[in-house]
1. Regarding ASP119, is this residue touching a Gly at 6+ places or on another chain (Cβ under 9 Å), surrounded by fewer than 20 Cβ atoms within 10 Å (Cβ to Cβ) and free of Cβ contacts under 8 Å to residues at least 24 places away in the same chain?
2. For the range 51-68, indicate whether the set of residues that are without any contact (Cβ under 8 Å) to a residue 40 or more places away in the chain, within 24 Å of VAL12 (Cβ to Cβ) and part of a loop (DSSP other than H, G, I, E, B) is non-empty.
3. Determine which member of the set GLU284, GLU336, GLU329 is in contact (Cβ under 8 Å) with a residue 12 or more places away in the chain and acidic (Asp, Glu).
4. Looking at ALA353, ALA282, ALA286, ALA361, can you tell me which residue is of a type in the set (Gly, Ala, Ser), within 30 Å of TYR178 (Cα to Cα), touching a Leu at 6+ places or on another chain (Cβ under 8 Å) and modelled with pLDDT under 95?
5. Say we look at the range 280-331 and pick out the residues that are among the small types (Gly, Ala, Ser) and more than 26 Å from ARG99 (Cα to Cα); which of these is surrounded by the most Cβ atoms within 10 Å (Cβ to Cβ)?
6. Quick check on the range 97-117. Is at least one of its residues in contact with a Pro (Cβ under 8 Å, 6 or more places away or on another chain) and assigned to a helix (DSSP H, G or I)?
7. I'd like the residue in the range 364-379 that is over 24 Å from PRO184 (Cβ atoms) and at pLDDT 90 or above and, out of all such residues, is farthest from the chain's Cα centre (by Cα).
8. Can you run down the residue pairs with Cβ atoms below 6 Å, 6 or more apart or on separate chains, where the first is in the range 11-32 and in a loop (DSSP other than H, G, I, E, B) and the partner is among the β-branched types (Val, Ile, Thr)?
Amino acid sequence: MSSLPETEILPVLQWEEGDAVRSMRWQSESGVNPPRRVVIADDTMSADAAFRLASEGTGLLWRGDYQNARQLLQAMVRRIERKPRKTADAPRDAFNLHRQAQSQRARTLGMLLMEVSADYTLALRRAPDIRQACNEAYGAGSTPFVVSLREILGLIGAHEWRKTGVEIASLGTKIHPYYGVFSPVRGEYLQLVADAPLPARSLAFDIGTGTGVIAALLAQRGVEQVVATDLDTRAISCARDNLSRLDLRDRVEVIQADLFPPGKAPLIVCNPPWIPARPSSAIEHAIYDPDSRMLRGFLQGLKAHLAPQGEGWLILSDLAEHLQLRTREELLQMIEAAGLSVIARLDTRPVHARASDASDALHAARSREVTSLWRLAVA
């Protein structure tokens, strides 16, 4: 695994198998603690028994056929979906119930466990080769560990996305997301960046670059130099890789920074997480922003980093407003308190499947969602 400070204590999973007590390092991308109780599971375990044990918080360490484990996980999903969903009239309550249900679902399904060797192999019948997917996500291996099957499936899916890429219409090419880096699947906000009038073409900052897609789009539009920032090391690597693929590394510099790089620019762009709530995994930091930390930080620091007559572009969904988690008045107050004014606003409606899915728990809010590019200037 990637190197860690000597003082960091890695979580350990312990279980009984045969006549011995065994233990192994625990791996959880979402930071979930290892289950306190573990039983050995194989092809003879029924879906009902597995679901009951997992619902009670018992880990199921799999020793059977890999493909049978995948089928068992799907059977557990079906049992969760059969349960009546709690509903609420108030949007905020509906959101909280939705998050609770998501959390419980993740805990239950995360109880089906796999042992992975130090070289990232699975010693199971019909197991796939996950070595490259693990190396891409975790770095070089060093010690065996136990991880949930769900996380393994996530690794495999992320590897396929990274390999094949995601088509970006406004770029006219593909972006290759890394594991743990949010994929730019919602193209409507990128089209706003493609359509907004540029205040200058000399320099731009892209704050929280992620895959580097906005930085690439700005460079493609003719901005001569772009400085893209992110705190996450995976995002830094991902953005640099994508910009190299697009032959833009000579025009886009990617640096690790908390929000702003040094200096000033005539254009500063930020697409912060749009929902003020706590994320439950690394990738959810692109969606959930506790107390609107990144949004507030961007607005409060914008004035000091904008060149004269410069613009700050805030790209933000209003979903939080429809969920009653933040009001439009609060957003406007943040802008005013930061010494900024609104020049103009470009709006678009989402085209992703959830926006029209009436069965979605948050459909009432999603159906009214608007994503905006706020053109901001120093007041």
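The values are calculated or read from the model by the stated rules, or taken from the named source; none is laboratory data. Predicted, not measured: the structure shown is a model, and the values here were computed from it. With ideal geometry, Cβ positions are generated from the backbone for all residues, glycine too; neighbour counts draw on all protein chains shown.
1. So ASP119 passes the test.
2. Yes, there is a match, as at least one residue in the range 51-68 is without any contact (Cβ under 8 Å) to a residue 40 or more places away in the chain, within 24 Å of VAL12 (Cβ to Cβ) and part of a loop (DSSP other than H, G, I, E, B).
3. Going through GLU284, GLU336, GLU329 in turn, just one is in contact (Cβ under 8 Å) with a residue 12 or more places away in the chain and acidic (Asp, Glu): GLU336.
4. Exactly one of ALA353, ALA282, ALA286, ALA361 is of a type in the set (Gly, Ala, Ser), within 30 Å of TYR178 (Cα to Cα), touching a Leu at 6+ places or on another chain (Cβ under 8 Å) and modelled with pLDDT under 95, namely ALA361.
5. Of everything passing the filter in the range 280-331, GLY312 is surrounded by the most Cβ atoms within 10 Å (Cβ to Cβ).
6. No, there is no match, as no residue in the range 97-117 is in contact with a Pro (Cβ under 8 Å, 6 or more places away or on another chain) and assigned to a helix (DSSP H, G or I).
7. ALA379
8. Short answer, once both residue conditions are applied: GLN27/VAL147.
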